[in-house]
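The values are calculated or read from the model by the stated rules, or taken from the named source; none is laboratory data. None of these values were measured; they are calculated from a predicted model. Methodologically, a virtual Cβ is constructed for each residue, glycine included, from the backbone with ideal geometry; neighbour enumeration extends over all protein chains shown.
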Amino acid sequence: MFTFKDYYRNTVHLSFEEEPFSKAPGHVWVICRYRGSWLLTDHGDRGYEFPGGKIEPMEKAEQAAVREVKEETGAIVEELSYIGQYKVLGKEKMIIKNIYFARIDKIEKQSTYYETKGPVLLKELPENIKKNQRYSFVMKDGVLTHSMKRLVQNGWITE
């Protein structure tokens, strides 16, 4: 288990165990890989980030992950793997998210990408993402750093 502060100084607990904080998380976050590139979305307010969002009523977390990727990028998930789960102890509420890794089969152009401006493909993530104003706060804490290390450990990506 890892504990650290997020961009807004909230306490975050991150675990790579199976559902350590909740069997019914409220949100998902999906680290996506497509043909050797990272697939992100350009959120209208926050900037570049991996797709994610709320789990709808009667929806499983895995279904939400696939849906959010499609809605925000037009991408079709080929393979989805659970990475871990984290909880953010915010000032007003607690948020629990499942983290997934998705291999993308294809990207389809859509008439709308909902609250985002659509897909963004990057060969590499920037070295110092924390100081890059183009990226969302979601990309600027230990969740991304530890998750990327986990992907390497699992052999899902190379460094």
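Points worth noting:
- Condition met for L14 (at pLDDT 95 or above, touching a strand residue (DSSP E or B) at 6+ places or on another chain (Cβ under 8 Å) and buried (at least 22 other Cβ atoms within 10 Å of the Cβ)): yes
- Residue selected from region 54-95 under the condition in contact (Cβ under 8 Å) with a residue 60 or more places away in the chain, assigned to a strand (DSSP E or B) and not small (G, A, S), by the criterion surrounded by the fewest Cβ atoms within 10 Å (Cβ to Cβ): L89
- Single condition G36 does not satisfy, out of (1) over 24 Å from N10 (Cα atoms); (2) at pLDDT 95 or above; (3) of a type outside the set (A, V, I, L, M): (2)
- All conditions in (1) on the phi > 0 side of the Ramachandran plot; (2) in contact with a helix residue (DSSP H, G or I) (Cβ under 7 Å, 6 or more places away or on another chain); (3) not polar (S, T, N, Q) hold for G74, with the sole exception of (2).
- Qualifying residue in region 106-119 (condition: touching a residue at least 40 places away in the same chain (Cβ under 8 Å), buried (at least 16 other Cβ atoms within 10 Å of the Cβ), touching a His at 6+ places or on another chain (Cβ under 9 Å) and within 23 Å of R134 (Cα to Cα)): yes
- Among the residues of region 17-38, the one identified as of a type in the set (A, V, I, L, M, F, W, C) and loosely packed, with under 13 Cβ neighbours inside 10 Å is A24.
- Residues of region 120-155 satisfying the condition of being under 18 Å from E17 (Cα atoms) and exposed (fewer than 11 other Cβ atoms within 10 Å of the Cβ): Q153, G155
- Hits in region 39-53 - residues which are at pLDDT 95 or above and not in a strand (DSSP E or B): F50, P51
- Reported count of residues in region 96-128, each being outside any loop (DSSP other than H, G, I, E, B), within 17 Å of the chain's Cα centre (by Cα) and not aliphatic (A, V, I, L, M), is 9.
- Yes/no for E49 being in contact with a Gly (Cβ under 6 Å, 6 or more places away or on another chain) and buried (at least 20 other Cβ atoms within 10 Å of the Cβ): no
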